[in-house]
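Undergrad: First, the structure itself, so that you have it in front of you.
The values are calculated or read from the model by the stated rules, or taken from the named source; none is laboratory data. All values reported here derive from a predicted model rather than from experimental measurement. Cβ placement follows ideal geometry from the backbone for every residue including glycine, while neighbour counts extend to all protein chains displayed. Protein only, heavy atoms only, side chains kept; ligands, DNA and RNA dropped before computing areas. Shrake-Rupley method; radii C 1.70, N 1.55, O 1.52, S 1.80 Å.
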Amino acid sequence: MNITTLTPDANGLVDWPTLSKTKKAVVTVGGFDGMHLGHRAVIERVVELAKATKSFSVVIMFDPRPGVVHHYAATHHNSEPGSDFCDTGALTSASQRIRVMRELGIDQVLVVRYSLAFAAKSFRFFLGQLVGKLGMRTIVLGADAAMGANRTGDVKAIENLAQATGVFELDVVGDRGPGYVRIPADIVPQVPLGPGEPADPTDGMTKAELRAWSKDHQGRKVRVWSSSNVRYLLSQGRVKAANQVLGSLHGIEGTVVHGESSGVDRIGFPTANLGQSVDGYIPVDGVYAGWVIDLGKPGQPDELAAPSEETRLAAHSAWRWPAAISIGTKPTFSEATGINERVVESYAITDKQLDLYGHMLRVEFAGFLRPQIKFDGIDELKAALAADVEHTLALTTQAS
């Protein structure tokens with residue numbers, strides 16, 4: 001798979017590459033945050049059509065997410081986020097999305113740095129560029145897709161353009177998934193009050209009760225298979241429901257750093273702490289069952305000879321272990337240390353002696369175990385962690 005990064009100029013123009021002078025392309029366009037089942041259905045259709053027509057399968061992926069750029073501009077005097085901007089609301093990093101696209105068989109990924117000038121171009125101009133520069137013969141979109149200035153290029157407008165020009169076709173991946181759900185307009189993380197996977201607060205509501213809930217929470221209607229719904233579910237600790245939408249376990253990635261050493265020295269549970277720079281959406285504070293995958297140490301001398309990141313991700317034993325995962329501010333020790341930063345630390349359940357410092361680690365979430373609790377002493381904490389390990393093994397055994 002080839003990956004090309006493209007930055008629009010000040011006028012919003014992109015120097016699109018010439019993929020081939022003779023071979024056509026089947027294209028899709030979007031942010032693809034989370035790579036949920038709806039995204040996968042669109043991309044799988046691109047690959048299917050490309051193979052049938054002996055064309056290139058192409059994904060044009062916007063980064064940063066368009067909605068984030070427009071929101072930032074609206075709150076920062078029409079300026080754009082800089083290259084150092086951290087999108088804490090993104091479910092997955094660009095590299096995580098590209099990894100899934102590779103697994104699905106895409107030939108070309110064109111990563112376009114989304115800008116306001118680029119967004120101001122009409123959908124007609126944009127599609128004309130794809131036909132003329134990339135050799136696009138078919139564009140594949142979801143039924144609710146929209147593009148171009150003011151999002152006027154919906155599937156109806158694009159279909160009309162395709163029929164009028166005759167130079168490309170539109171293939172619409174129709175309504176997929178279990179329909180729609182209502183979520184609050186403003187997603188505020190809410191720590192579950194008790195142990196176990198939190199329930200859907202709207203389950204069992206009558207229509208009248210649901211209307212009242214929607215009014216209280218300024219509820220908005222979104223697809224069940226949507227990035228917004230996944231983000232909401234993770235913010236409430238509803239990991240299992242989020243994973244059902246994603247079609248895989250939600251995961252975050254970061255570099256393992258030195259912590260306070262309290263896990264080894266005081267309670268006998270050595271943990272791998274991720275640094276402050278984490279790729280992916282961190283679920284609400286709490287203790288989770290899941291997995292950790294060692295992605296290797298970047299820049300090590302034998303890196304070329306070491307197993308690839310993809311090999312490690314596919315492994316089910318050598319670099320992957322069940323883990324009890326804690327997200328929060330470590331309330332039992334924060335008073336003693338003065339450290340109140342939000343941290344992600346994982347206890348890999350294995351008999352092996354692991355030295356993961358400096359390694360990239362992928363942390364995957366299988367289910368919510370319990371909220372963070374401030375314990376009265378070390379003995380209570382050790383007993384709770386032992387129970388977490390037992391529950392983790394039970395849950396990951398079911399999920400594997």
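Undergrad: Of these, VAL140, VAL167, VAL68, which one is open to solvent by less than 40 Å² (accessible area, probe 1.4 Å), of a type in the set (Val, Ile, Thr) and touching a strand residue (DSSP E or B) at 6+ places or on another chain (Cβ under 9 Å)?
TA: Sole residue among the options that is open to solvent by less than 40 Å² (accessible area, probe 1.4 Å), of a type in the set (Val, Ile, Thr) and touching a strand residue (DSSP E or B) at 6+ places or on another chain (Cβ under 9 Å): VAL140.
To keep it simple, each residue is scored yes or no on (1) closer than 22 Å to MET35 by Cα; (2) small (Gly, Ala, Ser).
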| position | (1), (2) |
| --- | --- |
| GLN96 | yes, no |
| LYS121 | no, no |
| VAL131 | no, no |
| MET147 | yes, no |
| ALA157 | no, yes |
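Undergrad: Is it the case that some residue within the stretch 85-101 is at pLDDT 95 or above and among the acidic types (Asp, Glu)?
TA: No, because not a single residue in the stretch 85-101 is at pLDDT 95 or above and among the acidic types (Asp, Glu).
Per-residue answers, yes or no, for (1) open to solvent by 40 Å² or more (accessible area, probe 1.4 Å); (2) touching a residue at least 40 places away in the same chain (Cβ under 8 Å); (3) not small (Gly, Ala, Ser):
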residue: GLY179; (1), (2), (3): no, yes, no
residue: ILE183; (1), (2), (3): no, yes, yes
residue: VAL191; (1), (2), (3): yes, yes, yes
residue: MET205; (1), (2), (3): yes, no, yes
residue: SER214; (1), (2), (3): no, no, no
residue: ARG220; (1), (2), (3): yes, no, yes
residue: GLY237; (1), (2), (3): no, yes, no
residue: ASN243; (1), (2), (3): no, yes, yes
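Undergrad: While we're on this one: Could you figure out which of (1) within 27 Å of LEU130 (Cβ to Cβ); (2) open to solvent by 20 Å² or more (accessible area, probe 1.4 Å); (3) touching a strand residue (DSSP E or B) at 6+ places or on another chain (Cβ under 9 Å) isn't true of CYS86?
TA: (1)
Undergrad: Still on this structure: Across the stretch 143-159, which residue is nearest to GLY179 (Cα to Cα) among those that are part of a loop (DSSP other than H, G, I, E, B) and open to solvent by less than 30 Å² (accessible area, probe 1.4 Å)?
TA: That would be ALA145.
Undergrad: Also, quick follow-up: List the residue pairs whose Cβ atoms are under 8 Å apart, where the first residue sits in the stretch 157-173 and is more than 15 Å from ALA146 (Cβ to Cβ), the second is among the aromatic types (Phe, Trp, Tyr) and open to solvent by less than 90 Å² (accessible area, probe 1.4 Å), and the two are 6 or more positions apart or on different chains.
TA: ALA162/PHE168
Undergrad: Taking the condition touching a His at 6+ places or on another chain (Cβ under 9 Å) and either open to solvent by 20 Å² or more (accessible area, probe 1.4 Å) or closer than 24 Å to VAL278 by Cα (or both), does LEU49 pass?
TA: no
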